[in-house]
Amino acid sequence: MTMPFYVSPEQQMKDRADFARKNISRGRGVAVLQYDNGIVLVAENRSPALHKISEIYDRIAFAAVGRYNEFENLRVAGVRSADMRGYSYDRRDVTARGLANFYAQVLGTIFSSVAEKPYEVELFVAEVGETAEQDQIYRLTYDGSVADERGYAAMGGSAEQINAFLERRYQQGQSLSTVLALAVEALGQDGNGTRRLDASQLEVAVLDRTRIQKRKFRRLVGPALDRLLTAGESAAPGSAPGSASSQAPGDVSGETPDGPPGGTSGGPTTGSPPGGPA
């Protein structure tokens, strides 16, 4: 009779953490930044159908890196939890802090369970407030750890380089176009040189506190995104005075209203099985 090898709990947790980190590091980055009128979420994503950024509730958005099927399960669970709480109590009782606690419990339980592998995901949960001081950004890791971020944050394979770049360049109170251009430039810092990303390689959404609608989430696509990127590059330090002017978020035409958060907006189309690091 063979005896099973003994593995200490510390070694088991280390092995599970190494497994999750290794696969998350293969995914491309996501950055979340505050601007003067809200929060912008920017992901490097070449797929027009498989979204990394989604709406959760009126003022709350979700962004993730890692395995698509796993963070999509978490997104749907978060939408259901928010809907249930809003229906049972009040829509104002649905908060990013509550959702971050919900995700932390789910991820922490899965990470410590020996019956299944840890989730290979990292998440952002962001909520726009009435003022910039009331904005909330939470970053959650594969083991259920939660960090309260202010101003900016990044995750994904090049998170260290992206955060270092943003730490040098980010300033509070900047316009959407300026912050968007900074985020795109930061996502191009992957440790192997600087890459220039265009609109076709990006997924961008904002939580806009100036919207009069209850739902503050909207995607930026097509000509609206192109104009914002052009305006941001023109306003960047060292650029020549350009003709493009910064555009107020509410004036952006061509914005794409997202589908109901409880739906499968951005879900995979038939015949395109997800599952790899996104």
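The values are calculated or read from the model by the stated rules, or taken from the named source; none is laboratory data. If you're wondering where the values come from, they're calculated on a predicted model, not measured in any experiment. A quick note on method: Cβ atoms are made from the backbone with ideal geometry, for glycine too, and the neighbour counts reach across all protein chains shown. Heads up: the accessible areas ignore ligands, DNA and RNA and are worked out on the full protein's heavy atoms, side chains in. Shrake-Rupley method; radii C 1.70, N 1.55, O 1.52, S 1.80 Å.
A few notes on this one:
- Segments 132-142, 209-219, 107-117 sorted - mean Cβ within 10 Å per residue, highest first: 132-142, 209-219, 107-117
- Of the whole protein surface, Glu70 contributes about 10 Å² of accessible area at a 1.4 Å probe radius.
- Rounded FRET efficiency, nearest 0.05, which uses the C-beta distance separating Arg150 from Ser112 and R0 of 35 Å: 0.75
- Highest average packing first - 226-232, 177-183, Cβ atoms within 10 Å: 177-183, 226-232
- Modelled spin-label separation between Ala77 and Glu130, with each label point placed 7 Å from Cα along the Cα-to-Cβ direction: 3.4 nm.
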